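Values quoted throughout were computed directly from the atomic coordinates according to the rules given, and no laboratory measurement underlies them. Everything numeric in this text was worked out from a predicted model, so none of it was measured.
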């Protein structure tokens, strides 16, 4: 199955200063509902691009990533679902400084 075509990629970056600490998202953060709440899209993208993103969300063409910088400066990337969930034990990638 070929990878889906993404029109938008939404990212959130977190950092932790405690060794071994895992990243967290606020309840529902990056979910479809959270992204579309309170005119968030229109405020950050404008009306036209906000509507383009809404259409892309409806068509499953929006990706979400959580980027976590740990206490050693390593960057971990996690895929986040449309419901705002991610698996802390399964980073997609780890980049060292």
Exercise. For segment 8-97, what is the relative contact order in percent, using Cα pairs closer than 8 Å and at least 6 residues apart in sequence?
Worked result: 35
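Given the DSSP H assignment, sum -39500 (n - 2.57) over each helix run of at least 4 residues in the chain and divide by its residue total; what's the result at 222 nm in deg cm²/dmol, nearest 500?
-6000 deg cm²/dmol
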For this session: Return one number: the angle in degrees, 0 to 90 and rounded to the nearest 10, between the long axis of the Cα atoms of helix 47-58 and the longest principal axis of the Cα atoms of the chain.
Result: 70
Exercise. Quick one: what do you get for segment 8-55 if you divide its Cα Rg by 2.2 N^0.38 Å?
Worked result: 1.44
Exercise. What whole-number value in cubic angstrom gives the convex hull volume per residue for the C-alpha atoms of segment 50-93?
Worked result: 89
Exercise. What Kirkwood radius, in Å to one decimal, follows from the Cα pairs of the chain?
Worked result: 14.4
